[in-house]
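Enquirer: Before I ask anything, let me first share the structure, which is written out below as structure tokens.
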Amino acid sequence: MGKVSLLTPVPGLILRYEGGTKGMASLRRIPLIVGHRANTIARIKKFLSHGVHVIEIDVIRDLETGELILHHAREDELFKLSIERKASRLIEFMVSHIPFMKPKKLYDILKMLSGRADVMLDIKWRGLVRDLAELLHEIDFKGNVYVTSKYHRDLLEIKRLAPKVKTLVSFDDQPIMCAEYVAKLKADGASVRVAFVDKELVNEMHRHGYILAAWTVNDITIAKYLASLGVDMIITDIPIEIIKGFKKAEEEKIREEEERVRIEESGGRESIPVLGGIDHMFGFEFYQSLKRKQEEEGRKT
């Protein structure tokens, strides 16, 4: 892939154009926020209702039917119950027999999400991609489909079978010559554990026009830092909170910019607080006016 100019949108990246002062313009870069482990209907609907635009789903196979399904629902519905391992048989029974706990068919979920959100499919088992390619072709999904996995050969295969999907090579460590490796797999980018993401990696990926996603990010301060580095996608268990954090930060930037513009347009004739004493309490101009009045009264006497 060729190099990307500063104004070329990287796939998967939101570039927000905002008019600036006196004809100047600013280009603000906000990563795509990905809702992680959306393996239940309730979690998916919650993410959709709060404007999460990329839904991440863990994909496995139903050993009884052979169908592709969402990763076992017990991780989402039963983890919070803190059931010990000795109760695993009970868990298996509940998941298999209680309707709302049964793993959902990937086909049904993708049909529901088509045209409503982009999806990221994390392939958890080997040997699923041929069925996945057929399923995607049958559904004709409306939106971006990102496929990520630690099974890198399967990523190469899904790209061959379904060229339109965007494949992200998953790394749980620090990749060496990441862009070169991504190119060998004919992938669109990499998904890297957040601990191993740095500016050098971001620059390397963007020089070659590749996407860089970071996982799993559950802190808004870290998310903002990653955004400042130029990371394209942030995968998080708490996308609603992360989106709110970015929105709040953007609103603060806008207010600061509006105030700066207002001061510029007034020719800088603003009350400028100076630390300490009466001038800090009431502003510099008030202090200067009071000082001039005192000097005039002093000359009269």
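The values are calculated or read from the model by the stated rules, or taken from the named source; none is laboratory data. This is a predicted model, so every value here is computed, not measured. Quick reminder, even Gly has a Cβ in these numbers, built from the backbone with ideal geometry, and neighbours come from all protein chains shown.
Enquirer: Hey, among the residues in the range 167-183 that are closer than 22 Å to Ile33 by Cα and of a type in the set (D, E, K, R), which one's surrounded by the most Cβ atoms within 10 Å (Cβ to Cβ)?
Expert: Asp172
Enquirer: Only one of Lys186, Lys150, Lys159, Lys164 is surrounded by 13 or more Cβ atoms within 10 Å (Cβ to Cβ), charged (D, E, K, R) and more than 24 Å from Ala223 (Cα to Cα); which?
Expert: Numbers: Lys186 fails: surrounded by 13 or more Cβ atoms within 10 Å (Cβ to Cβ); Lys150 fails: more than 24 Å from Ala223 (Cα to Cα); Lys164 fails: surrounded by 13 or more Cβ atoms within 10 Å (Cβ to Cβ).
On inspection, the qualifying residue turns out to be Lys159.
Enquirer: Does at least one position in the range 155-171 carry a residue that is on the phi > 0 side of the Ramachandran plot, assigned by TED's automatic domain parsing to the domain that holds Phe47 and not acidic (Asp, Glu)? Walk me through it before giving the result.
Expert: Kept after step one, since they are on the phi > 0 side of the Ramachandran plot, are these residues of the range 155-171: none.
There is no residue in the range 155-171 that is on the phi > 0 side of the Ramachandran plot, assigned by TED's automatic domain parsing to the domain that holds Phe47 and not acidic (Asp, Glu).
Enquirer: Within the range 121-133, identify whether any single residue is crowded, with 17+ Cβ neighbours inside 10 Å, free of Cβ contacts under 8 Å to residues at least 40 places away in the same chain and in a helix (DSSP H, G or I), and answer yes or no.
Expert: Scanning the range 121-133, I find at least one residue that is crowded, with 17+ Cβ neighbours inside 10 Å, free of Cβ contacts under 8 Å to residues at least 40 places away in the same chain and in a helix (DSSP H, G or I), so the answer is yes.
Enquirer: Could I ask something else about it? For the range 147-166, does any single residue satisfy the condition of being within 23 Å of His53 (Cβ to Cβ), in a strand (DSSP E or B), touching a Leu at 6+ places or on another chain (Cβ under 6 Å) and touching a residue at least 60 places away in the same chain (Cβ under 8 Å)?
Expert: Yes: one or more hits.
Enquirer: Okay, moving on. If we keep just the residues of the range 79-120 that are assigned to a loop (DSSP other than H, G, I, E, B) and either touching a Cys at 6+ places or on another chain (Cβ under 7 Å) or at pLDDT 95 or above (or both), which is surrounded by the most Cβ atoms within 10 Å (Cβ to Cβ)? Can you show your working first?
Expert: As a first pass, look at the range 79-120 and keep what is assigned to a loop (DSSP other than H, G, I, E, B): 82-84, 98, 102-104, 114-117.
Subsequent filtering for residues that are either touching a Cys at 6+ places or on another chain (Cβ under 7 Å) or at pLDDT 95 or above (or both) retains 114-117.
Details: Ser114: 15, Gly115: 9, Arg116: 13, Ala117: 20.
That would be Ala117.
Enquirer: Still on this structure, please answer the following. Considering each of Thr216, Thr236 in turn, give the residue that is of a type in the set (Val, Ile, Thr), touching a residue at least 40 places away in the same chain (Cβ under 8 Å) and buried (at least 22 other Cβ atoms within 10 Å of the Cβ).
Expert: Exactly one of Thr216, Thr236 is of a type in the set (Val, Ile, Thr), touching a residue at least 40 places away in the same chain (Cβ under 8 Å) and buried (at least 22 other Cβ atoms within 10 Å of the Cβ), namely Thr236.
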